[in-house]
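Participant: Take a look at the following structure, please.
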Amino acid sequence: MAERKGASTVTLSARPRVLGHAAVVGKKEGEGPLAGCFDAVFDDVTMEKESWEQAESALQKEAFTRALDHAGISPSQLDVLFAGDLLDQCTASTFAMRDYSVPLLGQYGACSTMAQTLAMAALAVDSGAADLAAAVTSSHFCSAERQFRYPLTYGGQRTPTAQWTATASGCVVVGMGGKGVRLREITVGRIVDMGVTDANNMGAAMAPAAADTLTRYFEDTDTRPGDYDLIATGDLGACGSSLLKELLSRKGLLLGSNYRDCGLMLFDRETQDVHAGGSGCGCSAAVLCGKILPQIERGELHDVLFVATGALLSATSARQGESIPGIAHLVRLTK
Amino acid sequence: MDITPQEYRKLAEKSAPRSPVLADCLKAFGVGGTICMLGQAIALAGQAGGLGEKDALFLASLTLVLLSVLLTALGAYDVIAKHAGAGTLVPITGFANAMTAPAIEYKTEGLVMGLGTKMFTIAGPVLVYGVLASVIYGLIQAALTLL
């Protein structure tokens with residue numbers, strides 16, 4: 001059963017593990033630095049559907065079915081699925097799951113959704129509420145652009161701090177037993193809003209939330225950043241990452257070469273024209289499922305802090321001039 | 001957080017890379033100027049072909065709008081605009097792009113509530129405030145004639 005450790009960290013003492021995972025991405029993501037890491041790369045990002053929203057659902061379905069295959073289970077065996085995405089009312093997820101009769105709890109955490117759903121799945125299994133749980137999330141560049149910014153063919157310019165929504169989906173199946181990656185601890189994020197209003201600089205809006213969650217985690221566990229093989233945030237991008245380093249260094253917590261950001265891992269900023277880096281629920285999901293989990297399985301990484309960050313704005317709140325609340329959820333993963 | 005929001009916003013501004021303003025201006029000038037020269041050339045050609053000045057200017061506008069719509073539909077306009085910025089936004093081609101892009105994008109939501117309504121999401125404010133500005137201009141002109 002889960003036990004509290006310190007003020008806000010939960011230890012998953014029943015030893016829930018990753019039983020299967022899958023990452024599927026679009027063409028641009030498949031051509032990035034993580035080429036070859038994914039279960040499938042779809043060159044046609046319409047997924048042969050009539051709308052971008054349907055395409056995103058199809059992408060999520062691909063990740064879901066592949067992760068379940070890897071775990072060797074069928075959808076009907078799942079006790080609960082935590083699913084989320086960026087679209088209004090989370091329709092990418094709910095529409096993707098129309099074909100499966102799976103108990104579903106929709107989640108919204110913006111780009112932090114992978115960590116949020118994974119934490120929920122881990123808690124469900126750890127508490128005994130579920131024998132098998134899964135976490136899935138997705139984002140699609142075209143459906144997100146349309147909802148949050150402009151139509152795709154509109155001739156606008158992006159600012160240097162803007163991030164590129166990844167066309168990607170990731171799914172993790174959690175259960176007991178086996179030799180998969182262990183889900184050890186979680187720290188649920190708090191809303192942190194430092195008054196950033198620029199929707200084109202979400203990294204800056206989210207960095208304080210990541211700093212808050214990491215600080216609380218290090219306090220609760222009495223550890224330091226250097227104690228981990230990898231601390232991966234997602235997706236602060238170039239601006240947000242440097243701000244996180246600065247914020248933590250002011251508290252005496254130095255992030256060294258073991259610190260990476262999923263938004264900077266998925267794309268090559270020099271050649272792929274993504275400005276400050278990748279973003280979107282699918283970004284950290286694809287990096288987790290395509291790169292980080294396999295690296296832990298192969299023994300290349302032993303102790304990882306996965307900290308997905310979300311900018312909790314809407315198109316309406318941005319137009320109304322509201323500042324952007326950030327959130328960051330942490331999941332510790334070990335061999 | 002042991003940093004005030006004011007301090008943090010300053011820090012965030014400092015760490016944000018700036019847009020290359022000079023290069024952006026030069027590219028906007030080059031592309032915008034080229035579009036205007038093309039318009040002028042079409043107008044002159046129209047006049048040489050026997051059109052009156054008004055009709056020749058109308059021909060130039062129509063041709064540029066058509067070109068912009070075609071390039072938007074082919075997905076080329078936004079690629080040029082990414083570099084040209086205001087150079088493709090300010091001329092009439094920018095307005096045509098702003099109408100065509102949502103029309104293409106929102107047709108999945110139906111011809112009336114999708115295409116018909118959302119066609120004006122970007123161009124709408126231009127129309128509203130353009131008309132308002134011309135009304136104010138008209139009123140000032142009328143007032144001046146009365147004096």
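Participant: Using the structure shown, list the pairs from A:LYS28/B:LYS82; A:LYS49/B:LYS118; A:LYS251/A:LYS335; A:LYS61/A:LYS291 with a Cα-Cα distance above 23 Å, or answer none. Don't jump to the answer; show the numbers that get you there.
Facilitator: Values: A:LYS28/B:LYS82 18 Å; A:LYS49/B:LYS118 21 Å; A:LYS251/A:LYS335 29 Å; A:LYS61/A:LYS291 20 Å.
Beyond 23 Å between Cα atoms: A:LYS251/A:LYS335.
Participant: Pull out the extension gain between B:LYS14 and B:PHE120, defined as 0.36 nm times the separation in residues minus the alpha carbon to alpha carbon distance; nm, one decimal. Intermediate results must be reported in sequence, preceding the final value.
Facilitator: Numbers: separation 106, 0.36 × 106 = 38.16 nm, distance 3.65 nm.
Computed gain between B:LYS14 and B:PHE120 is 34.5 nm.
Participant: For the Cα atoms of chain B, what angle does the longest principal axis make with the long axis of helix B:92-105, in degrees from 0 to 90, nearest 10?
Facilitator: 70 degrees
Participant: Roughly what percent of Cα-Cα pairs across the range B:1-77 reach past 19 Å?
Facilitator: Numbers: 1800 of 2926 pairs.
Result: 62 percent of Cα pairs exceed 19 Å.
Participant: Follow-up. Report A:SER317's accessible area, 1.4 Å probe, all protein chains in place, as a number in Å² to the nearest 10.
Facilitator: Only protein atoms counted, so the area is about 30 Å².
Participant: Between A:ALA35 and A:ARG190, what length in nm is gained on full extension when 0.36 nm per residue of separation is reduced by their alpha carbon distance?
Facilitator: Values: separation 155, 0.36 × 155 = 55.80 nm, distance 3.38 nm.
In short, 52.4 nm is gained.
Participant: What number, rounded to the nearest 500 deg cm²/dmol, is the helix-based mean residue ellipticity at 222 nm of chain A, given -39500 (n - 2.57) per DSSP H run of at least four residues and division by all its residues?
Facilitator: When only DSSP H runs of four or more count, the value is -9500 deg cm²/dmol.
Participant: Whole number please: convex hull volume per residue of the Cα set in the range A:13-175, in Å³? Could the numbers behind the result be given before it?
Facilitator: Numbers: hull volume 19.9 nm³, N = 163.
Taking the convex hull of the Cα positions in the range A:13-175, it is 122 Å³ per residue.
Participant: For chain B, what D do you get in µm² per second when you plug the Kirkwood radius from alpha-carbon pairs into Stokes-Einstein at 37 °C and 0.692 mPa s? Numbers along the way, then the final one.
Facilitator: Values: Rh = 18.7 Å.
So the translational diffusion coefficient is about 176 µm²/s.
Participant: To the nearest 10 Å², what's A:ARG298's accessible area with a 1.4 Å probe?
Facilitator: That residue has around 150 Å² of solvent-accessible surface.
Participant: Can you give me the convex hull volume of the Cα atoms of the range A:51-128, divided per residue and expressed in Å³? Before the final figure, lay out the partial values.
Facilitator: Numbers: hull volume 7.1 nm³, N = 78.
Each residue corresponds to 90 Å³ of Cα convex hull volume.
Participant: So what is log10(I(q)/I(0)) for the range A:97-199 at q = 0.18, 0.21 1/Å, when the Debye sum runs over its Cα atoms only?
Facilitator: -1.01, -1.19
Participant: Something else: Roughly how many nanometres apart are two label points built 7 Å out from the Cα toward the Cβ at B:GLN47 and A:GLU219?
Facilitator: Going from the B:GLN47 label point to the A:GLU219 one covers 7.5 nm.
Participant: Now a separate question. Report the rotationally averaged projected area of the range B:85-136 based on its alpha-carbon convex hull, in square nanometres. Write out the running numbers ahead of the final one.
Facilitator: Values: hull surface 16.0 nm².
Orientation-averaged projected area of the Cα hull: 4.0 nm².
Participant: Additional query: In terms of solvent-accessible area of protein heavy atoms at a 1.4 angstrom probe, what is the ranking of B:ILE104, A:ILE191, highest value first?
Facilitator: On the way: B:ILE104 60, A:ILE191 100 Å².
Accessible-area ranking of B:ILE104, A:ILE191, largest first: A:ILE191, B:ILE104.
Participant: For the range A:182-334, what's the radius of gyration and Dmax over Cα atoms, in angstrom?
Facilitator: That works out to 14.9, 48 Å for Rg and Dmax.
Participant: Moving to a separate point now. Quick one: ranking B:PHE120, A:PHE64 by accessible area, 1.4 Å probe, largest first, what do you get? Could you put the intermediate results ahead of the total?
Facilitator: On the way: B:PHE120 90, A:PHE64 0 Å².
Heavy-atom accessible area, descending, gives B:PHE120, A:PHE64.
Participant: According to the Cα gyration tensor, what semi-axes, each the square root of 5 times an eigenvalue, does the equivalent ellipsoid of the range A:10-54 have, listed from largest to smallest in whole Å?
Facilitator: Ellipsoid semi-axes (Å, largest first): 31, 16, 9.
Participant: Return, for the Cα atoms of the protein assembly as shown, the radius of gyration and Dmax in Å, separated by a comma.
Facilitator: That works out to 25.4, 92 Å for Rg and Dmax.
Participant: Still on this structure, I have one more. Which aspartates and glutamates have a Cα less than 16 Å from the Cα of A:LYS5, not counting those fewer than 8 places away in the same chain?
Facilitator: A:ASP126, A:GLU185, A:GLU219, A:ASP220, A:ASP222
The values are calculated or read from the model by the stated rules, or taken from the named source; none is laboratory data. Since the model is a prediction, treat every value here as computed from it, not as a measurement. Note that each Cβ is placed from the backbone with ideal geometry, even for glycine, and that neighbours are counted across all protein chains shown. Side chains are part of the model used for accessible areas, which takes the heavy atoms of the whole protein and leaves out ligands, DNA and RNA. Shrake-Rupley method; radii C 1.70, N 1.55, O 1.52, S 1.80 Å.
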